[in-house]
Amino acid sequence: MSHDLNLSRERMVKNQLIARGIKDERVLQVMGKIPRHLFIEDALSGEAYNDHPVPIGERQTISQPYIVALMTEALELKGNENALEIGTGSGYQTAILAGLCSRVYTIERIKSLLGNARKLLSQLGYDNILFKTFDGTLGWKEYAPFDAIMVTAGAPSLTEPLIDQLADDGRMIIPVGDRYSQELIKVIRKGKSLEQESLGGCRFVNLIGVHGWSD
Ligand code: SAM
């Protein structure tokens with residue numbers, strides 16, 4: 001069983017990530033190691049390494065592996081960053097960030113999801129993650145500014161408080177659009193100005209909160 005899962009994970013990295021242009025060795029290594037199937041309930045864990053999102057309960061999903069890799073690579077992480085993640089969900093993306101940064105601050109609005117993610121990540125031995133059940137559209141002021149910000153739910157706009165909490169030369173990846181489809185935007189802060197680049201179309205669950213969509 002575990003041999004099959006290791007093989008599925010190897011294939012995921014080769015066929016879904018490398019074949020589509022993901023090049024960052026650290027991202028490929030981390031995604032090749034993290035047991036994605038543990039972040040998905042048993043009944044669906046056979047789908048963990050497939051090329052699509054998978055439900056994680058509470059009408060939420062764990063994103064498709066390729067989108068996770070694309071967003072992570074775009075953050076250009078070197079290892080010494082403080083990163084903020086909005087939308088902990090299953091905790092899979094959190095684990096990836098924790099393997100690539102110095103510290104991860106992760107916020108989830110749904111308490112049960114955050115509880116499950118916290119438990120699993122602690123069982124897996126991560127000790128560089130701070131968790132909070134909160135409206136992530138407000139960011140996490142006490143620990144700002146952040147070198148990297150990853151938003152894993154679709155926002156109506158760039159989300160002002162998150163922009164304000166981005167460090168100089170910091171990178172933020174955020175899906176922006178309407179409730180049904182978005183564009184993945186990379187924002188880089190250069191002093192008082194912002195550079196923006198589109199990484200292509202995507203489809204995320206809604207970012208719900210004061211600076212997001214209504215529930
Ligand atoms: N990155 C996650 C993973 O690896 O499993 C998947 C995240 S899922 C696509 C988006 C998550 O964002 C959901 O769990 C949802 O509850 C959460 N979310 C939506 N609005 C939020 C907000 N304002 N603050 C924090 N989390 C939010």
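The values are calculated or read from the model by the stated rules, or taken from the named source; none is laboratory data. All values reported here derive from a predicted model rather than from experimental measurement. Quick reminder, even Gly has a Cβ in these numbers, built from the backbone with ideal geometry, and neighbours come from all protein chains shown. What goes into the accessible areas is simple: the full protein's heavy atoms, side chains included, and nothing from ligands, DNA or RNA. Shrake-Rupley method; radii C 1.70, N 1.55, O 1.52, S 1.80 Å.
Between R59 and E25, how high is the FRET efficiency from 1/(1 + (r/R0)^6) when r is the Cβ-Cβ distance and R₀ = 45 Å? Nearest 0.05. Computed FRET efficiency for R59 and E25: 0.80. Using a probe of 1.4 Å on the protein chains alone, the accessible area found for F204 is around 20 Å². The slack between K33 and L7, meaning 0.36 nm per residue of separation minus the straight C-alpha distance, is 8.2 nm.
Phi angles across region 62-70 convert, under the Karplus curve 6.51 cos²θ - 1.76 cosθ + 1.60 with θ = phi - 60°, into 3J(HN,Hα) values of 8, 5, 4, x, 4, 5, 4, 5, 4 Hz, Gly and Pro given as x.
Model label points for E76 and Y143, set 7 angstrom from Cα along the Cα-to-Cβ axis, are 2.3 nm apart. Can you pull the percent of region 53-202's accessible area that's carbon plus sulfur, 1.4 Å probe, other chains left in place? Solvent-exposed carbon and sulfur of region 53-202 make up 47 percent of the total. A helix-only calculation puts the chain at -7500 deg cm²/dmol for mean residue ellipticity at 222 nm, using -39500 (n - 2.57) for each DSSP H run of at least four residues, averaged over all residues. Label zone of S198 (point 7 Å out along Cα→Cβ, amide N under 18 Å): in region 135-164 this covers 154-159. Scanning residues 5 or more positions from G170 or on other chains, those with amide H under 5 Å from its amide H are R189, with H placed 1.01 Å from N in the peptide plane.
If you filter region 4-57 for trypsin sites (Lys or Arg not before Pro), then keep DSSP loop positions with at most 10 other Cβ within 10 Å, what is left? Mind showing how you got there, number by number?
Working: sites: R9, R11, K14, R20, K23, R26, K33, R36; in loops: K23.
Loop-located and lightly packed - K23.
Cβ-Cβ distance of A167 and K14, R₀ of 35 Å, FRET efficiency by 1/(1 + (r/R0)^6): the value works out to about 0.50.
Skip the ligands, DNA and RNA, and give the accessible area per residue of region 53-202 with a 1.4 Å probe, whole Å².
41 Å²
Considering all alpha-carbon pairs of the chain, what whole percent are spaced by more than 25 angstrom? Show your work: numbers first, answer last.
On the way: 7329 of 23005 pairs.
Result: 32 percent of Cα pairs exceed 25 Å.
The number of Lys pairs in region 53-202 with C-alpha atoms less than 27 Å apart, excluding pairs fewer than 8 positions apart on the same chain, is 16.
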